[in-house]
Amino acid sequence: MTRPRGTGAVVLRLLRRLAGRLGLCLAATLVAYVLASLSFDPLAELRGQQPRPSQTVIDAQAHRLGLDTPLPARYLHWLAGLPRGDFGETVGGEPVAAELWRRSGTSLRLFLAGSLLAIAAGVLWGVWNALRDGRASDRLSLIGSLVLLAIPVFVLGTVLKMAWLPVNEAAGTQLLYFSAETTPGSALTGWADMSDRLRHLALPTLAIALPQAAFYSRYQRAAMLDVLGSDFLRAARAKGLPRRTAVLRHGLRTALIPMVTLFTFTFGLHLTGGVFTERIFGWNGMGDWLLSGIQHEDAAIVASVTLFIAVLVVLAGWLGDALLTLLDPRVRRAEAW
(Lines give C-alpha, C1' and ligand atoms only; values in the text may rest on other atoms or scores of the structure.)
Protein backbone atom coordinates (compact mmCIF):
# COMPACT_ATOMS: atom_id res chain seq x y z
CA MET A 1 0.00 0.00 0.00
CA THR A 2 1.49 3.31 -1.09
CA ARG A 3 1.73 6.14 1.41
CA PRO A 4 -0.07 9.37 0.50
CA ARG A 5 2.18 12.24 -0.46
CA GLY A 6 1.85 15.93 -1.06
CA THR A 7 -1.09 17.86 0.34
CA GLY A 8 -3.00 14.70 1.24
CA ALA A 9 -0.13 13.49 3.41
CA VAL A 10 0.07 16.85 5.19
CA VAL A 11 -3.65 16.87 5.98
CA LEU A 12 -3.58 13.23 7.11
CA ARG A 13 -0.65 13.83 9.45
CA LEU A 14 -2.32 16.89 10.95
CA LEU A 15 -5.53 14.93 11.58
CA ARG A 16 -3.60 12.07 13.18
CA ARG A 17 -1.77 14.54 15.38
CA LEU A 18 -5.06 16.08 16.46
CA ALA A 19 -6.52 12.66 17.32
CA GLY A 20 -3.44 11.79 19.35
CA ARG A 21 -3.55 15.02 21.30
CA LEU A 22 -7.22 14.60 22.19
CA GLY A 23 -6.09 11.72 24.37
CA LEU A 24 -4.24 14.28 26.46
CA CYS A 25 -7.61 15.88 27.28
CA LEU A 26 -8.79 12.65 28.90
CA ALA A 27 -5.52 12.37 30.81
CA ALA A 28 -6.00 15.94 32.09
CA THR A 29 -9.54 15.17 33.27
CA LEU A 30 -8.32 12.00 35.01
CA VAL A 31 -5.73 13.93 37.00
CA ALA A 32 -8.18 16.73 37.84
CA TYR A 33 -11.00 14.38 38.83
CA VAL A 34 -8.81 12.14 40.99
CA LEU A 35 -7.07 15.02 42.77
CA ALA A 36 -10.34 16.86 43.34
CA SER A 37 -12.10 13.75 44.61
CA LEU A 38 -9.27 12.91 47.01
CA SER A 39 -9.02 16.44 48.44
CA PHE A 40 -12.67 17.56 48.36
CA ASP A 41 -15.32 16.69 50.93
CA PRO A 42 -18.72 17.57 49.37
CA LEU A 43 -20.52 16.49 52.54
CA ALA A 44 -18.61 18.84 54.86
CA GLU A 45 -21.15 21.65 54.51
CA LEU A 46 -24.04 19.26 55.12
CA ARG A 47 -22.41 17.77 58.22
CA GLY A 48 -21.61 21.24 59.53
CA GLN A 49 -25.23 22.41 59.54
CA GLN A 50 -26.89 23.18 62.86
CA PRO A 51 -28.78 21.17 63.81
CA ARG A 52 -26.79 18.36 62.20
CA PRO A 53 -28.86 16.30 59.70
CA SER A 54 -29.49 12.68 60.46
CA GLN A 55 -27.06 10.05 59.22
CA THR A 56 -29.76 8.80 56.85
CA VAL A 57 -29.86 12.18 55.11
CA ILE A 58 -26.06 12.30 54.90
CA ASP A 59 -25.91 8.75 53.50
CA ALA A 60 -28.60 9.60 50.93
CA GLN A 61 -26.58 12.62 49.75
CA ALA A 62 -23.42 10.50 49.58
CA HIS A 63 -25.29 7.92 47.48
CA ARG A 64 -26.62 10.60 45.12
CA LEU A 65 -23.10 11.94 44.60
CA GLY A 66 -21.71 8.43 44.15
CA LEU A 67 -19.39 8.77 47.13
CA ASP A 68 -20.28 5.27 48.27
CA THR A 69 -18.66 3.78 45.15
CA PRO A 70 -14.91 3.42 44.47
CA LEU A 71 -13.17 6.41 42.91
CA PRO A 72 -12.25 4.60 39.64
CA ALA A 73 -15.90 3.62 39.17
CA ARG A 74 -17.02 7.23 39.74
CA TYR A 75 -14.58 8.53 37.17
CA LEU A 76 -15.53 5.90 34.58
CA HIS A 77 -19.22 6.71 35.15
CA TRP A 78 -18.50 10.41 34.58
CA LEU A 79 -16.39 9.57 31.53
CA ALA A 80 -19.10 7.33 30.03
CA GLY A 81 -21.53 10.23 29.99
CA LEU A 82 -19.31 12.52 27.91
CA PRO A 83 -20.29 11.10 24.49
CA ARG A 84 -23.93 11.81 25.38
CA GLY A 85 -23.11 15.34 26.54
CA ASP A 86 -23.70 14.34 30.16
CA PHE A 87 -21.09 15.88 32.47
CA GLY A 88 -22.71 14.69 35.69
CA GLU A 89 -24.41 16.74 38.40
CA THR A 90 -23.16 19.43 40.72
CA VAL A 91 -23.16 18.99 44.47
CA GLY A 92 -26.41 20.95 44.48
CA GLY A 93 -28.03 18.42 42.12
CA GLU A 94 -28.09 20.57 38.96
CA PRO A 95 -26.84 19.20 35.61
CA VAL A 96 -23.33 20.35 34.77
CA ALA A 97 -23.87 20.30 31.00
CA ALA A 98 -26.34 23.21 30.79
CA GLU A 99 -24.12 25.50 32.84
CA LEU A 100 -21.02 24.32 30.97
CA TRP A 101 -22.36 25.29 27.54
CA ARG A 102 -23.63 28.65 28.77
CA ARG A 103 -20.43 29.62 30.51
CA SER A 104 -18.14 28.27 27.78
CA GLY A 105 -19.66 30.68 25.25
CA THR A 106 -19.08 33.56 27.65
CA SER A 107 -15.45 32.62 28.25
CA LEU A 108 -14.70 31.93 24.58
CA ARG A 109 -15.81 35.42 23.58
CA LEU A 110 -13.50 36.93 26.18
CA PHE A 111 -10.51 34.62 25.65
CA LEU A 112 -10.58 34.75 21.86
CA ALA A 113 -11.04 38.52 21.73
CA GLY A 114 -8.18 39.06 24.17
CA SER A 115 -5.84 36.55 22.52
CA LEU A 116 -6.43 37.75 18.95
CA LEU A 117 -5.96 41.37 19.99
CA ALA A 118 -2.79 40.44 21.87
CA ILE A 119 -1.32 38.56 18.90
CA ALA A 120 -2.06 41.34 16.42
CA ALA A 121 -0.82 44.10 18.75
CA GLY A 122 2.22 42.11 19.88
CA VAL A 123 3.35 41.36 16.33
CA LEU A 124 2.92 44.96 15.16
CA TRP A 125 4.55 46.30 18.32
CA GLY A 126 7.52 43.96 17.95
CA VAL A 127 8.05 44.72 14.27
CA TRP A 128 7.82 48.46 14.95
CA ASN A 129 10.44 48.15 17.72
CA ALA A 130 12.76 46.10 15.51
CA LEU A 131 12.63 48.70 12.75
CA ARG A 132 13.58 51.35 15.35
CA ASP A 133 16.25 49.34 17.09
CA GLY A 134 18.40 51.46 19.38
CA ARG A 135 16.27 54.59 19.16
CA ALA A 136 14.67 56.34 22.11
CA SER A 137 11.23 55.03 21.13
CA ASP A 138 12.56 51.47 21.26
CA ARG A 139 13.93 51.98 24.77
CA LEU A 140 10.69 53.57 25.97
CA SER A 141 8.78 50.66 24.48
CA LEU A 142 10.98 48.23 26.40
CA ILE A 143 10.19 50.03 29.67
CA GLY A 144 6.48 50.03 28.88
CA SER A 145 6.42 46.31 28.10
CA LEU A 146 8.30 45.45 31.29
CA VAL A 147 5.85 47.51 33.35
CA LEU A 148 2.88 45.70 31.79
CA LEU A 149 4.49 42.31 32.42
CA ALA A 150 5.20 43.21 36.06
CA ILE A 151 1.61 44.20 36.88
CA PRO A 152 -0.59 41.28 38.02
CA VAL A 153 -3.74 40.89 35.97
CA PHE A 154 -6.06 41.59 38.92
CA VAL A 155 -4.20 44.87 39.56
CA LEU A 156 -4.27 45.77 35.87
CA GLY A 157 -8.03 45.19 35.73
CA THR A 158 -8.55 47.52 38.70
CA VAL A 159 -6.26 50.14 37.16
CA LEU A 160 -8.22 50.03 33.89
CA LYS A 161 -11.46 50.59 35.78
CA MET A 162 -10.01 53.55 37.69
CA ALA A 163 -8.48 55.04 34.55
CA TRP A 164 -11.72 54.85 32.57
CA LEU A 165 -14.02 56.12 35.31
CA PRO A 166 -13.16 59.82 34.68
CA VAL A 167 -13.84 59.27 30.96
CA ASN A 168 -17.35 58.01 31.69
CA GLU A 169 -17.93 60.88 34.09
CA ALA A 170 -16.69 63.46 31.58
CA ALA A 171 -18.93 61.99 28.86
CA GLY A 172 -21.91 61.93 31.21
CA THR A 173 -22.77 58.37 30.18
CA GLN A 174 -21.43 54.83 30.37
CA LEU A 175 -19.20 54.62 27.31
CA LEU A 176 -17.67 51.39 28.62
CA TYR A 177 -18.99 49.18 31.39
CA PHE A 178 -17.01 47.75 34.28
CA SER A 179 -18.92 44.56 35.11
CA ALA A 180 -21.09 41.79 33.64
CA GLU A 181 -21.32 40.55 30.07
CA THR A 182 -24.44 42.55 29.25
CA THR A 183 -26.57 45.16 30.96
CA PRO A 184 -28.74 43.31 33.53
CA GLY A 185 -32.46 43.37 32.72
CA SER A 186 -31.99 44.81 29.23
CA ALA A 187 -34.04 43.40 26.36
CA LEU A 188 -31.90 44.73 23.53
CA THR A 189 -31.79 43.13 20.09
CA GLY A 190 -29.80 43.52 16.90
CA TRP A 191 -27.17 46.22 16.72
CA ALA A 192 -28.17 47.68 20.11
CA ASP A 193 -27.47 44.33 21.78
CA MET A 194 -24.15 43.94 19.95
CA SER A 195 -23.10 47.47 20.90
CA ASP A 196 -23.98 46.79 24.54
CA ARG A 197 -21.92 43.58 24.56
CA LEU A 198 -18.93 45.29 22.95
CA ARG A 199 -19.01 48.06 25.58
CA HIS A 200 -18.92 45.39 28.29
CA LEU A 201 -16.22 43.44 26.45
CA ALA A 202 -13.72 46.26 25.88
CA LEU A 203 -12.07 46.63 29.31
CA PRO A 204 -11.72 42.91 30.20
CA THR A 205 -10.34 42.28 26.72
CA LEU A 206 -7.70 44.95 27.32
CA ALA A 207 -6.88 43.42 30.71
CA ILE A 208 -6.12 40.10 29.00
CA ALA A 209 -4.50 41.50 25.85
CA LEU A 210 -2.09 44.12 27.22
CA PRO A 211 0.27 41.79 29.16
CA GLN A 212 0.15 39.23 26.35
CA ALA A 213 0.95 41.86 23.73
CA ALA A 214 3.89 43.13 25.79
CA PHE A 215 5.20 39.56 26.12
CA TYR A 216 4.80 38.76 22.43
CA SER A 217 6.35 42.06 21.32
CA ARG A 218 9.71 41.28 22.92
CA TYR A 219 9.97 37.93 21.15
CA GLN A 220 8.69 39.36 17.87
CA ARG A 221 11.27 42.12 18.05
CA ALA A 222 14.10 39.59 18.51
CA ALA A 223 12.80 37.38 15.68
CA MET A 224 12.47 40.39 13.39
CA LEU A 225 15.99 41.62 14.15
CA ASP A 226 17.37 38.24 13.09
CA VAL A 227 15.48 38.47 9.81
CA LEU A 228 16.54 42.07 9.09
CA GLY A 229 20.18 40.97 9.00
CA SER A 230 19.56 37.90 6.83
CA ASP A 231 21.01 37.35 3.37
CA PHE A 232 17.67 36.73 1.65
CA LEU A 233 16.33 40.10 2.79
CA ARG A 234 19.44 41.90 1.56
CA ALA A 235 19.04 40.06 -1.76
CA ALA A 236 15.45 41.27 -2.02
CA ARG A 237 16.57 44.83 -1.37
CA ALA A 238 19.34 44.45 -3.97
CA LYS A 239 16.71 43.48 -6.56
CA GLY A 240 15.08 46.87 -6.07
CA LEU A 241 12.30 46.14 -3.60
CA PRO A 242 11.58 49.05 -1.23
CA ARG A 243 12.54 48.38 2.40
CA ARG A 244 8.98 48.33 3.65
CA THR A 245 7.84 45.94 0.89
CA ALA A 246 10.78 43.60 1.47
CA VAL A 247 10.19 43.55 5.21
CA LEU A 248 6.44 42.98 5.02
CA ARG A 249 6.41 40.54 2.09
CA HIS A 250 9.46 38.42 2.94
CA GLY A 251 10.80 39.33 6.37
CA LEU A 252 7.58 39.29 8.40
CA ARG A 253 6.52 35.86 7.16
CA THR A 254 9.86 34.37 8.18
CA ALA A 255 9.85 36.16 11.55
CA LEU A 256 6.37 34.80 12.30
CA ILE A 257 7.48 31.16 12.06
CA PRO A 258 9.01 30.91 15.57
CA MET A 259 6.20 33.08 16.96
CA VAL A 260 3.53 30.53 15.99
CA THR A 261 5.03 28.04 18.42
CA LEU A 262 5.17 30.70 21.12
CA PHE A 263 1.50 31.61 20.61
CA THR A 264 0.59 27.95 20.97
CA PHE A 265 2.51 27.15 24.12
CA THR A 266 1.54 30.31 25.99
CA PHE A 267 -2.20 30.01 25.26
CA GLY A 268 -2.81 27.82 28.28
CA LEU A 269 -0.96 30.22 30.57
CA HIS A 270 -3.10 33.12 29.43
CA LEU A 271 -6.26 31.15 30.15
CA THR A 272 -5.18 31.28 33.79
CA GLY A 273 -5.14 35.07 33.62
CA GLY A 274 -8.65 34.92 32.22
CA VAL A 275 -9.85 33.28 35.45
CA PHE A 276 -8.97 36.38 37.47
CA THR A 277 -10.20 38.72 34.75
CA GLU A 278 -13.66 37.14 34.86
CA ARG A 279 -13.85 37.63 38.62
CA ILE A 280 -12.67 41.25 38.45
CA PHE A 281 -15.15 42.24 35.75
CA GLY A 282 -18.04 40.09 36.96
CA TRP A 283 -18.19 37.75 33.97
CA ASN A 284 -19.96 34.47 34.72
CA GLY A 285 -17.59 32.38 32.65
CA MET A 286 -15.59 29.19 33.09
CA GLY A 287 -12.93 30.77 35.26
CA ASP A 288 -15.47 32.13 37.72
CA TRP A 289 -17.23 28.75 37.70
CA LEU A 290 -13.95 26.91 38.40
CA LEU A 291 -13.32 29.03 41.49
CA SER A 292 -16.92 28.43 42.58
CA GLY A 293 -16.50 24.68 42.05
CA ILE A 294 -13.37 24.64 44.19
CA GLN A 295 -15.14 26.66 46.87
CA HIS A 296 -18.04 24.17 46.95
CA GLU A 297 -15.68 21.18 46.62
CA ASP A 298 -17.34 19.92 43.46
CA ALA A 299 -15.19 17.42 41.51
CA ALA A 300 -17.59 17.30 38.52
CA ILE A 301 -17.27 21.04 37.92
CA VAL A 302 -13.48 20.96 38.26
CA ALA A 303 -13.16 18.03 35.83
CA SER A 304 -15.54 19.64 33.31
CA VAL A 305 -13.71 22.98 33.34
CA THR A 306 -10.39 21.12 33.04
CA LEU A 307 -11.72 19.30 29.97
CA PHE A 308 -12.83 22.62 28.44
CA ILE A 309 -9.40 24.21 28.99
CA ALA A 310 -7.57 21.09 27.77
CA VAL A 311 -9.60 21.02 24.55
CA LEU A 312 -8.82 24.69 23.93
CA VAL A 313 -5.10 24.14 24.51
CA VAL A 314 -5.05 21.09 22.21
CA LEU A 315 -6.94 22.93 19.46
CA ALA A 316 -4.58 25.90 19.80
CA GLY A 317 -1.60 23.57 19.47
CA TRP A 318 -3.09 21.86 16.44
CA LEU A 319 -3.91 25.20 14.82
CA GLY A 320 -0.31 26.23 15.49
CA ASP A 321 0.91 23.13 13.66
CA ALA A 322 -1.33 23.94 10.71
CA LEU A 323 -0.14 27.56 10.55
CA LEU A 324 3.49 26.46 10.84
CA THR A 325 2.96 24.09 7.92
CA LEU A 326 1.44 26.91 5.92
CA LEU A 327 4.19 29.43 6.70
CA ASP A 328 7.29 27.21 6.51
CA PRO A 329 7.91 25.30 3.25
CA ARG A 330 10.49 23.12 5.03
CA VAL A 331 7.76 21.76 7.31
CA ARG A 332 5.49 21.10 4.32
CA ARG A 333 8.22 19.12 2.58
CA ALA A 334 8.89 17.10 5.75
CA GLU A 335 5.18 16.42 6.29
CA ALA A 336 4.70 15.41 2.67
CA TRP A 337 7.26 12.65 3.08
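The values are calculated or read from the model by the stated rules, or taken from the named source; none is laboratory data. Quick caveat, the model's predicted, so the values are computed rather than measured. Every residue, glycine as well, gets a Cβ built from its backbone with ideal geometry; the counts of neighbours run over all protein chains shown.
Figures for the structure shown
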quantity	calculated
The one condition in (1) of a type in the set (A, V, I, L, M); (2) buried (at least 18 other Cβ atoms within 10 Å of the Cβ); (3) under 21 Å from Gly287 (Cα atoms) that Leu198 fails to fulfil	(2)
Some residue of segment 293-307 being in contact with a Cys (Cβ under 7 Å, 6 or more places away or on another chain) and surrounded by 17 or more Cβ atoms within 10 Å (Cβ to Cβ)	yes
Flag for Thr254 being within 13 Å of the chain's Cα centre (by Cα), surrounded by fewer than 20 Cβ atoms within 10 Å (Cβ to Cβ) and modelled with pLDDT of 75 or more	no
Conditions (1) of a type in the set (Gly, Ala, Ser); (2) touching a helix residue (DSSP H, G or I) at 6+ places or on another chain (Cβ under 6 Å); (3) at pLDDT below 85; number of the one not met by Ala28	(3)
Qualifying residue in segment 326-333 (condition: closer than 25 Å to Pro83 by Cα, assigned to a helix (DSSP H, G or I), of a type in the set (A, V, I, L, M) and modelled with pLDDT under 85)	no
Any helices (runs of 4 or more DSSP H) falling wholly within segment 235-317 and containing at least 1 residues that are β-branched (Val, Ile, Thr) and under 17 Å from Glu99 (Cβ atoms)	252-280, 286-295
Subset of segment 54-84 [among the small types (Gly, Ala, Ser) and touching a Leu at 6+ places or on another chain (Cβ under 9 Å)]	Ala62
Condition broken by Pro166, with the remaining ones in (1) farther than 24 Å from Phe215 by Cα; (2) surrounded by 15 or more Cβ atoms within 10 Å (Cβ to Cβ); (3) free of Cβ contacts under 8 Å to residues at least 24 places away in the same chain satisfied	(2)
Selection from segment 151-161 of residues that are surrounded by fewer than 16 Cβ atoms within 10 Å (Cβ to Cβ), within 20 Å of the chain's Cα centre (by Cα) and part of a helix (DSSP H, G or I)	Phe154, Val155
Candidates Val227, Val123, filtered to the one that is farther than 18 Å from Phe281 by Cα, in contact with a helix residue (DSSP H, G or I) (Cβ under 7 Å, 6 or more places away or on another chain), assigned to a helix (DSSP H, G or I) and modelled with pLDDT under 85	Val227
Residue ID - surrounded by the most Cβ atoms within 10 Å (Cβ to Cβ), chosen from residues in segment 106-137 that are of a type outside the set (A, V, I, L, M, F, W, C) and without any contact (Cβ under 8 Å) to a residue 60 or more places away in the chain	Arg132
Pair list, Cβ < 7 Å and 6+ apart or interchain, from segment 42-56 residues that are within 17 Å of His296 (Cβ to Cβ) to residues that are surrounded by 10 or more Cβ atoms within 10 Å (Cβ to Cβ) and of a type in the set (S, T, N, Q)	Leu43/Gln61; Leu46/Gln61
